[in-house]
2 protein chains.
Amino acid sequence: MATKFFSKRNVNFLLYEVHEVETLVQHSYFADHNRETFDMTIDAATQIAENLMFPFVKDVDKNQPELHDGKVKVHPSIKNYLKAVGESGIIGADFDYENGGAQIPFTITSAVGYILMSANNGMMYIGLTAGGARLIANFGSDELKKNYIENMISGKWQGTMCLTEPQAGSSLSDITSSAEPLEDGTYKIRGQKVFISAGDHDATDNIIHLFLARIKGAPKGTKGISLFVVPKYRLDGTDNDITSMGIYHKLGQKGVPAMHLGFGDRNDDCIGYLLGEPHKGLNYMFQMMNEARIGVGLTGVSITSAAYYAALEYAKERPQSRRLNAKTALDMPQVPIIQHPDVKRMLLFQKSVVEGGLSLLLETAKYFDLSEASDDPEEKENAHLLVELLTPIAKTFPCEYGVKSISDAVQCFGGYGFTEDFPVEQYYRDVRITPIYEGTTGIQSQDLLGRKVMMAGGKTMKLLAQEVGKTIKAASEHSELKKYATLLTESSKQLQEVTMHLLGIAGTGDIERFLADATLYMELFSLNVVAWQWLKQADVAQQKLLIGADDSDFYESKIHTMKYFFHYELPKTQGLATRLMDTEVLTIMTDKEVVM
Amino acid sequence: MATKFFSKRNVNFLLYEVHEVETLVQHSYFADHNRETFDMTIDAATQIAENLMFPFVKDVDKNQPELHDGKVKVHPSIKNYLKAVGESGIIGADFDYENGGAQIPFTITSAVGYILMSANNGMMYIGLTAGGARLIANFGSDELKKNYIENMISGKWQGTMCLTEPQAGSSLSDITSSAEPLEDGTYKIRGQKVFISAGDHDATDNIIHLFLARIKGAPKGTKGISLFVVPKYRLDGTDNDITSMGIYHKLGQKGVPAMHLGFGDRNDDCIGYLLGEPHKGLNYMFQMMNEARIGVGLTGVSITSAAYYAALEYAKERPQSRRLNAKTALDMPQVPIIQHPDVKRMLLFQKSVVEGGLSLLLETAKYFDLSEASDDPEEKENAHLLVELLTPIAKTFPCEYGVKSISDAVQCFGGYGFTEDFPVEQYYRDVRITPIYEGTTGIQSQDLLGRKVMMAGGKTMKLLAQEVGKTIKAASEHSELKKYATLLTESSKQLQEVTMHLLGIAGTGDIERFLADATLYMELFSLNVVAWQWLKQADVAQQKLLIGADDSDFYESKIHTMKYFFHYELPKTQGLATRLMDTEVLTIMTDKEVVM
């Protein structure tokens, strides 16, 4: 079995050497922090990951929660984990002091999320709790804050996101759950929600649902949706009439129950508390969306990381066949399969996805920190625009390429990869939900092309070009990297051309044609952005090699993997650009519909 | 739940309109046949698929076989299915009369395999039996034939392939199972085999293992391996000392037990019967390899087919959101998701993989029939070369692109696709073994580039170019298709250039560099070959439309899907060619190894 699921060396490299997270403490919001407090947080997470999560990864998968007599029992290790992680202060570490947090940068808690999820993604509970508590912290009344936040960020109470309804999956404008105002200022809640992760279980004392509903008489569509806090048990301990109507049996992430919940279904006695103002629920949700999406991207990269390290370990140990230039030398022992170029290529691919994807996520998280807490208003605004632009990519790339990457991890194991004797079959199942969670790839892609690219009159794209330009300039100064700086320059130019072409279509008002291939545009954009992250890493590595850093193997491997990405992955942009510039319309419904 | 898993209309189109399988009856071997006997075979298979297989697809997956007290119990539906399929004559339908067969073309039994496996790939039993019986029919003594074939092709006895050993997965030269000659001409068998599909179960009365071993004193490597028939029970009913030592729990294809078997482990009393001559075992196996590989390709395309039809059905029924150009028209009802371009694109991708992959497989099967039974010696030889060239592609493309295609089927279902309420999560698991079975993608790719491309002094490639040229010429005559004929011409030229470049490296003797990116070459080649199959289908469809055929919707959809493949998939060759022409070496081990 695998023994490693992430590389601490790599986390430190990305945090401190590449993204220079220590510079954040120059801003007053983070002023109490330093490398030491960051390291303590990372170390606490690593301890929990290694001792309370990773040992149970298979067991949690094999013993999925079941619904019996209206109750959901989850694996006992989850209660222990939630207790420890609650006590450690990790759940609300990036909350402000006022709400019980430690004002740790989101960049650091993102790295923490990566470590925890790569240890055991079936214990995906605290991200939901943190998200719920953060909504209350940001938009709730003092009373709601007082009543809920502390118990949530201490891990005693679970938080959930109750958005999806049976008739309205990705289409939130069509939700029909209702809230009727009562005389005491509370609301009577009615409705059904599906796919509610951690929607009911016995590892915490209470479950606090963040619930979207329409107040009676609200306008149609997204502008009539309000957000409520709906606890499983009210503060006085009364049952709040929420029924677990069903539990989904899933392909993966089996440790987390996905529930079908009925609100007020038994006694019409489910009470909710309005969060913020009426009709602004979706607005509030959208303000939290970037963190949630970065969270799913982290889940994608985490599972991919666990699979990669398992495959790497196996490939170094498993002897099989001889090298291609000595195939018939049967007197020679078989060689470890990492020596076969095809296996090495698959491992480099996985490494490039894990370390490239994680770098992009931490970069985005750092912009997020600056967008929230920079002391410089211009930097703050610019960082905000970059978060908006990069988030759909940071969500999508690690999940979509994670699916491919873990498929290659299975392939590295050969037939064994298909068996439950090794961990990769589970990761192959687990990761498949990530391109669906929190806005499918199709939706992220429409967000990228349809909103983010044109945001602020094109300023967003200009800001990104500037950032990429800085990396290109720095890399150009090393003869070893010059070639790659040039490749990224060319590739950025191509992305620019494709973007202009598509915006030209948008200009004609034909939105359907403009967005029809948004998913391909997302892939094109992602490959560019991850190539940028790789060049940035290589540039730092090259600098360290020049000054004769100890850890030369590590840095050389970084440069090598950058080269892999530029030689094997970046060329995929060619076919994508060809299609995106091509004018043949094949996927849009016409009057004379193609029968399938 | 899904109701359809294949399209009979499409099977008929490919068999009779595109590949003109009826022309085979001009050859004496098939002279007793005609469209009617073909249709009867297809109809018999369809009946079995619909009534005895498809209804159990979930149930067989949910109740995987377990090993208890040395015995393996499989789902009861499997016994019923094997009885019916045995009685139908399907298992040995393409065997010659002498061996109890019906001399039905392999093209027809391939279509049959597709129909059966798309109904329920967890019932993957008879391909193994047919393969084993065929080895006995082709290379066995009269006595072996008399003793085994009839009970195998009537479904009473199971056949298996016992190749893989724990220390020798893909590396057959390293197998160590042994055979010691006894005085009566039989052999004492000792060894362990792993991953033996259907290696033990209770749905047949006996299990007949086709077993690779070294006769004591045999030369090292592949030239010292012999093939044996080793039954679970000897003809007199004696137990033959084969022990079920373990059963693998797998990601998918759970209906078929994968066994770890010990031969002679209990009493050193396991007897085997030499098949053919000593030391020629691998040679015999290789002679059967094309059929086995086409069989795995069919399994890949079958699972992909079942997932595609499930996704298509769902996409036509599931309402969600409005069209992109009317997103805020909330008074309008939600539209079926097939009307969203992103979903339509994913469905066209799946259709292009299923129908393109199946077309390639049937084309290869038809060349196989001609290579075995053409009355014209030159046609026979040419067909043989084309089978050799196309088989690794026909094995790999439907499996590799099947994995991607089914991932898109899951995506079409959104969150529901991740649940066991819908069938696609199972297909996503099932299909993942197919790029590993019967030679991994890496091995197929080395076979293609390292052997097949250079075969017969380049004649093989020339023959393929001629065949592709015929399609291009025919298509060029339709103004509607001219553009695509040109695209395929250009793409073929590019493939030719890449091939010459790689053969140039081979010429330097650096085999490792020559083959390092063989898997990328495979993808490049596959995209070309499948584009050819699509142009061929479109050409036939266009002809039918010109003569005013009834079924114009069907033919128009064929042309539309061809266009999809040329506009969305074929451009992927650009990035692949760029990498394959690129001289940077990144995956070959050097003295200064990159540490990972």
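Overview of values
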{"item": "Candidate set from region B:386-424 (those that are polar (S, T, N, Q), over 30 Å from B:GLN287 (Cβ atoms) and touching a residue at least 12 places away in the same chain (Cβ under 8 Å)); member that is farthest from the other protein chains (Cβ to nearest Cβ)", "result": "B:SER405"}
{"item": "Any hit, region B:544-553, residues being under 27 Å from B:GLY439 (Cα atoms), assigned to a helix (DSSP H, G or I) and more than 10 Å from chain A (Cβ to nearest Cβ)", "result": "no"}
{"item": "In region A:1-21, the residues that are open to solvent by 30 Å² or more (accessible area, probe 1.4 Å), closer than 27 Å to A:VAL57 by Cα and outside any helix (DSSP H, G or I)", "result": "A:MET1, A:THR3, A:LYS4"}
{"item": "Answer from B:THR561, B:THR578, B:THR519 - the residue that is of a type outside the set (Lys, Arg), facing chain A (nearest Cβ under 10 Å) and over 29 Å from the mean Cα position of the chain (by Cα)", "result": "B:THR578"}
{"item": "The lone exception for A:TYR284 - which of (1) touching a Ser or Thr at 6+ places or on another chain (Cβ under 8 Å); (2) of a type outside the set (A, V, I, L, M, F, W, C); (3) under 30 Å from A:VAL387 (Cα atoms) it fails", "result": "(1)"}
{"item": "Complete set of residues in region B:233-254 that are within 11 Å of B:ILE207 (Cα to Cα) and in contact with an Asp or Glu (Cβ under 7 Å, 6 or more places away or on another chain)", "result": "B:TYR233"}
{"item": "Filtered residues of region B:260-272 (kept if surrounded by fewer than 22 Cβ atoms within 10 Å (Cβ to Cβ), touching a strand residue (DSSP E or B) at 6+ places or on another chain (Cβ under 8 Å) and not charged (D, E, K, R))", "result": "B:HIS260, B:GLY262, B:ILE271"}
{"item": "Qualifying residue in region B:582-590 (condition: open to solvent by less than 40 Å² (accessible area, probe 1.4 Å), in contact (Cβ under 8 Å) with a residue 60 or more places away in the chain, of a type in the set (Val, Ile, Thr) and more than 10 Å from chain A (Cβ to nearest Cβ))", "result": "no"}
{"item": "Complete set of residues in region A:211-257 that are of a type in the set (Ser, Thr, Tyr) and more than 23 Å from A:GLY131 (Cβ to Cβ)", "result": "A:THR238, A:THR243"}
{"item": "Residue that is surrounded by the most Cβ atoms within 10 Å (Cβ to Cβ) [pool: residues in region A:540-550 that are over 18 Å from A:GLU363 (Cβ atoms) and among the small types (Gly, Ala, Ser)]", "result": "A:ALA549"}
{"item": "Conditions (1) within 14 Å of chain B (Cβ to nearest Cβ); (2) crowded, with 22+ Cβ neighbours inside 10 Å; (3) in contact with a helix residue (DSSP H, G or I) (Cβ under 8 Å, 6 or more places away or on another chain); number of the one not met by A:ASN290", "result": "(1)"}
{"item": "Breaking point among (1) open to solvent by less than 10 Å² (accessible area, probe 1.4 Å); (2) without any contact (Cβ under 8 Å) to a residue 12 or more places away in the chain, for A:GLY356", "result": "(2)"}
{"item": "Hits in region B:302-346 - residues which are within 9 Å of another protein chain (Cβ to nearest Cβ) and under 24 Å from B:VAL112 (Cα atoms)", "result": "B:LEU312"}
{"item": "Some residue of region A:22-42 being free of Cβ contacts under 8 Å to residues at least 24 places away in the same chain, on the phi > 0 side of the Ramachandran plot and in a loop (DSSP other than H, G, I, E, B)", "result": "no"}
{"item": "When residues of region B:174-196 are limited to those that are closer than 28 Å to B:LYS250 by Cα and open to solvent by 30 Å² or more (accessible area, probe 1.4 Å), the one nearest to the chain's Cα centre (by Cα)", "result": "B:PHE195"}
{"item": "Subset of region A:223-259 [without any contact (Cβ under 8 Å) to a residue 60 or more places away in the chain and open to solvent by 10 Å² or more (accessible area, probe 1.4 Å)]", "result": "A:LYS223, A:LYS232, A:TYR233, A:ARG234, A:ASP236, A:GLY237, A:THR238, A:ASP239, A:ILE242, A:MET245, A:TYR248"}
{"item": "Selection within region A:198-222 - in contact (Cβ under 8 Å) with a residue 60 or more places away in the chain and within 14 Å of chain B (Cβ to nearest Cβ)", "result": "A:GLY199, A:ALA218, A:PRO219, A:THR222"}
{"item": "Top-ranked residue of region B:143-164 - restricted to ones that are open to solvent by less than 10 Å² (accessible area, probe 1.4 Å) and hydroxyl-bearing (Ser, Thr, Tyr), ranked as farthest from the other protein chains (Cβ to nearest Cβ)", "result": "B:TYR148"}
{"item": "Boolean, B:GLU50 is over 28 Å from B:GLY92 (Cβ atoms), of a type in the set (Asp, Glu) and open to solvent by 20 Å² or more (accessible area, probe 1.4 Å)", "result": "no"}
{"item": "Region B:207-220: number of residues that are more than 17 Å from B:GLU277 (Cβ to Cβ) and buried (at least 18 other Cβ atoms within 10 Å of the Cβ)", "result": "3"}
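This table checks each residue for (1) part of a helix (DSSP H, G or I); (2) over 13 Å from the mean Cα position of the chain (by Cα); (3) β-branched (Val, Ile, Thr); (4) surrounded by fewer than 24 Cβ atoms within 10 Å (Cβ to Cβ).
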| site | (1), (2), (3), (4) |
| --- | --- |
| A:TYR308 | yes, yes, no, no |
| A:ALA365 | yes, no, no, no |
| A:THR396 | yes, no, yes, no |
| A:TYR401 | yes, no, no, no |
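Residue by residue, here is whether (1) among the hydroxyl-bearing types (Ser, Thr, Tyr); (2) modelled with pLDDT under 95; (3) within 30 Å of A:GLY252 (Cβ to Cβ) holds:
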residue	(1), (2), (3)
B:THR222	yes, yes, no
B:ARG234	no, no, no
B:THR238	yes, no, no
B:THR243	yes, no, no
B:LYS254	no, no, yes
B:MET259	no, no, yes
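The values are calculated or read from the model by the stated rules, or taken from the named source; none is laboratory data. Remember, it's a predicted structure, so these values are computed and weren't measured experimentally. Positions of Cβ are generated from backbone atoms using ideal geometry, with glycine treated the same way; all protein chains shown enter the neighbour counts. To get the accessible areas, we keep the full protein, side chains included, count just its heavy atoms, and leave off ligands, DNA and RNA. Shrake-Rupley method; radii C 1.70, N 1.55, O 1.52, S 1.80 Å.
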